[in-house]
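Structure record follows, encoded as structure tokens.
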Amino acid sequence: MASHSTLLDPAMNPANLAQLFVLAALWGGSFLFIRVGVTDLGVAPLMALRVGIGAAFLVLMLIVRGTAREAFRTMRRRAWPLVVGILNSTLPFCLFAYAELTLSAGVTSVINATTPLWEM
């Protein structure tokens, strides 16, 4: 049985640290790619491409897990997943891409990192 202090303060092993660095590189790199791509493609097409790639990956994962039929059935009966996707994903991505027309990628990534502070 694990002690109480182990559950509250788990040690970070090297694999966790490597995963954290990969996640940080992917997350931070996306703002750099948005900054580069928004001037060539425009705000809406670039974010449509980004959200479309993410949606295609999620659909692929649903198919691999064998739960795609249930998920699509739920989405046909209810419109709220589409509304939540637009409000929580597409709209903020478009606003960040629009901001990157004038701000640097570093500034927008720091602004994005303050999201938990706004939710308090």
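Just so you know, all these numbers are worked out from the coordinates, no wet-lab data involved. Treat the numbers as computed from the prediction; the structure is a model and nothing was measured. Don't worry about glycine lacking a Cβ; one is built from the backbone with ideal geometry, like all the others, and counts go over all protein chains shown.
Residues are listed down the side, and each one gets a yes or a no for (1) surrounded by 10 or more Cβ atoms within 10 Å (Cβ to Cβ); (2) free of Cβ contacts under 8 Å to residues at least 12 places away in the same chain; (3) under 24 Å from Glu119 (Cα atoms); (4) touching a helix residue (DSSP H, G or I) at 6+ places or on another chain (Cβ under 7 Å):
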site	(1), (2), (3), (4)
Asn13	no, yes, no, no
Ala25	yes, yes, no, no
Val38	yes, no, no, yes
Met47	yes, no, yes, yes
Glu70	yes, yes, no, no
Thr74	yes, yes, no, no
Ser89	yes, no, yes, yes
Leu101	yes, no, no, yes
Ala105	yes, no, yes, yes
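Restricting attention to the range 41-72, the residues that are under 25 Å from Cys94 (Cβ atoms) and outside any helix (DSSP H, G or I) add up to 1. Among the residues of the range 73-118, which ones are assigned to a loop (DSSP other than H, G, I, E, B) and not hydroxyl-bearing (Ser, Thr, Tyr)? Hits for the range 73-118 are Arg78, Ala79, Glu100, Leu101, Leu103.
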